[in-house]
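J.: Below you will find the structure I want to go over with you.
The values are calculated or read from the model by the stated rules, or taken from the named source; none is laboratory data. Please read all numbers here as calculations on a predicted model, not as lab measurements. All Cβ positions, glycine included, derive from the backbone under ideal geometry; neighbour counts span all protein chains shown. Areas reflect the complete protein model, heavy atoms only, side chains present, ligands, DNA and RNA absent. Shrake-Rupley method; radii C 1.70, N 1.55, O 1.52, S 1.80 Å.
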Amino acid sequence: MTTFGIRTVSVPDRALKIYLEECCPGLDFILWPDDDPPSEDDLPAIDAVITPYAHSSLTVERLASLPNLKLVQTQSTGVDNVAGKVPPGVVLCSARGVHASSTAELAIGLVIASLRGIDVAARNMARQVWHEERRVTLTDRRVALLGYGSIGQELHRKLAAFDVETVRVGQVARQDEHGHIHGIDDLVQLLPAIDVLICSLPMTPRTTRLIDRSVLAAMKDGTLFVNVGRGSVVDQEALVAELYSGRLSAAVDVTDPEPLPANHLLWNAPNFLLTPHLGGNTSAFLPRIRAYLANQMKRISVGQPVVNQS
């Protein structure tokens, strides 16, 4: 007896289908490339869908057309782009943890690049300009981690090598083996003592536009804001105003909307570094997502509870 009575799972690419068929012979897998859906006759057979690794997809738009759908499994950490498209009663699971190490790595890279002026040096190199200057270092900074899920926890672990003081802020206050984790309600009062704020929050009703004018105003002059969570967590206009004032700097991997429109003021903002949502899209993704999906499918095939249920 499979979990939720699931027998047939759609898979977005052929290589993944072959891999899962070898790992999970107890399930049937149907190929569903994003631009080439199964026939109408096959749709009623699909009990579960593994969505493509894409922020938007045609597959997600067709979930409501599956009469026997019981589970949707994403390949992303966030499920905000899928949640409103999943029919009532259907279980939605994220791939939380798969992208944590790579995303944390990028966040630290953005911090170091911004503080040490690596982006400035790269632009100077193209112009054959040699400009020496003393820059701020990550060493001895006080770093706040806003969001303490899988990415925040991985950031905490990796930052231990950089001689920083780490302040952790989760969506709710709590204790763990490392000490106290502040709640979001403490954020504004913590910010005046913070040098670097790294945000890895998901998009939820509570976090949407959380980083607004009042939060940005609470940051001391010279604070670096880094966002590898969701662009919608930030009031983009408020961030633009702070950047053009010269008071704060920022480095982000996510924006709202994505991609950033051609005429957006962030493109030319001073003290600003942008990467195009590269966080989890690395060489580590494929082996980790395959291992995660194989485990999830095995759990389904033997009737065990699924993990990362949203």
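J.: If only Cα atoms are counted, what is the Rg of the stretch 82-214, and what is its Dmax, in Å?
T.: When restricted to Cα atoms, the stretch 82-214 yields Rg and Dmax of 17.8, 61 Å.
J.: Let me ask you something else. So if R0 is 22 Å, what FRET efficiency would residue 295 and residue 157 give, r being the distance between their Cβ atoms, rounded to the nearest 0.05?
T.: Rounded to the nearest 0.05, the efficiency is 0.50.
J.: Lys and Arg at +1, Asp and Glu at -1: add these up for the other residues within a Cβ distance under 11 Å of residue 227 and post the number.
T.: Spelling it out: positives minus negatives among the neighbours equals -1.
J.: For the stretch 25-134, what are the per-bin percents of Cα-Cα distances with bins 5 Å wide, up to the bin holding the maximum?
T.: 2, 10, 17, 15, 12, 8, 7, 7, 7, 6, 5, 3, 2, 0
J.: Anyone know which of 94, 283, 232 comes out most mobile in the 10 Å Cα GNM of the chain?
T.: 283
J.: Please build a GNM for the chain, connecting alpha carbons under 10 Å apart, and tell me which residue among 288, 157, 135 fluctuates the most.
T.: Result: 135 has the largest fluctuation of those listed.
J.: A follow-up question, please. Give me the 1.4 Å probe accessible area per residue for the stretch 59-101, excluding ligands and nucleic acids, in Å².
T.: I get 36 Å² per residue for the stretch 59-101.
J.: Based on alpha-carbon centroids, what's the gap between the stretch 4-43 and the stretch 267-297 in Å, whole number please?
T.: 24 Å
J.: Let me ask another. Keeping every protein chain present and rolling a 1.4 Å probe, give me the accessible area per residue for the stretch 186-239 in Å².
T.: 36 Å²
J.: Using a 1.4 Å probe on the protein heavy atoms, what percent of the accessible area of the chain belongs to carbon and sulfur?
T.: Carbon and sulfur: 52 percent of the exposed surface of the chain.
J.: Run the dipole for the chain about the Cα centre, Lys and Arg Cβ at +1, Asp and Glu Cβ at -1, nothing else charged, and hand back the magnitude in debye, nearest 20.
T.: Around 540 debye, computed over the chain.
J.: Quote the FRET efficiency, to the nearest 0.05, computed for residue 4 versus residue 133 with a Förster distance R0 of 41 Å and r equal to the Cβ-Cβ distance.
T.: Taking R0 as 41 Å, the efficiency between residue 4 and residue 133 is 0.10.
J.: Continuing with this model, one more query. Can you list the GluC sites (Glu not before Pro) in the stretch 112-221 that are in a DSSP coil and have 14 or fewer other beta carbons within 10 angstrom?
T.: 132, 133, 177
J.: A further question follows. Using the Kirkwood radius over Cα pairs, work out the Stokes-Einstein diffusion coefficient for the stretch 33-86 at 37 °C and 0.692 mPa s, in µm²/s as a whole number.
T.: 288 µm²/s
J.: GNM, the chain, Cα, under 10 Å: largest mean-square fluctuation among 264, 156, 277?
T.: 264
J.: Then there's this: Tell me whether the stretch 98-157 comes out rounded, prolate or oblate; compute the Cα gyration tensor, take square roots of the eigenvalues as a ≥ b ≥ c, and use a/c under 1.5 as the rounded threshold.
T.: Because a/c hits 1.5 or more and a/b fails to exceed b/c, the stretch 98-157 counts as oblate.
J.: Can I ask one more? Tally Lys/Arg at +1 and Asp/Glu at -1 over every other residue whose Cβ is under 11 Å from the Cβ of residue 60; what's the total?
T.: My count for the surroundings of residue 60 gives 0.
J.: Angle between the Cα long axis of helix 100-116 and the longest principal axis of the chain, 0 to 90 degrees, nearest 10?
T.: 20 degrees
J.: Only one of the values [x] 1.10; [y] 0.95; [z] 1.01 was calculated from this structure for Cα Rg over 2.2 N^0.38 Å; name its label.
T.: Label of the calculated value: [x].
J.: Still on this structure: In whole Hz, with x marking every Gly and Pro, tabulate ³J(HN,Hα) for the stretch 194-202 from phi via Karplus 6.51 cos²θ - 1.76 cosθ + 1.60, θ = phi - 60°.
T.: Coupling constants for the stretch 194-202: 9, 8, 9, 10, 10, 9, 10, 5, x Hz.
J.: Looking only at Cα atoms, what is the convex hull volume of the stretch 169-224 per residue, in Å³?
T.: That works out to 92 Å³ per residue.
J.: With a 1.4 Å probe and all protein chains in place, put 273, 243 in order of accessible area, largest first.
T.: So the residues, ranked largest to smallest area, are 273, 243.
J.: On a 0 to 90 degree scale, rounded to 10, what angle separates helix 14-23 from the longest Cα axis of the chain?
T.: Tilt relative to the chain: about 70 degrees.
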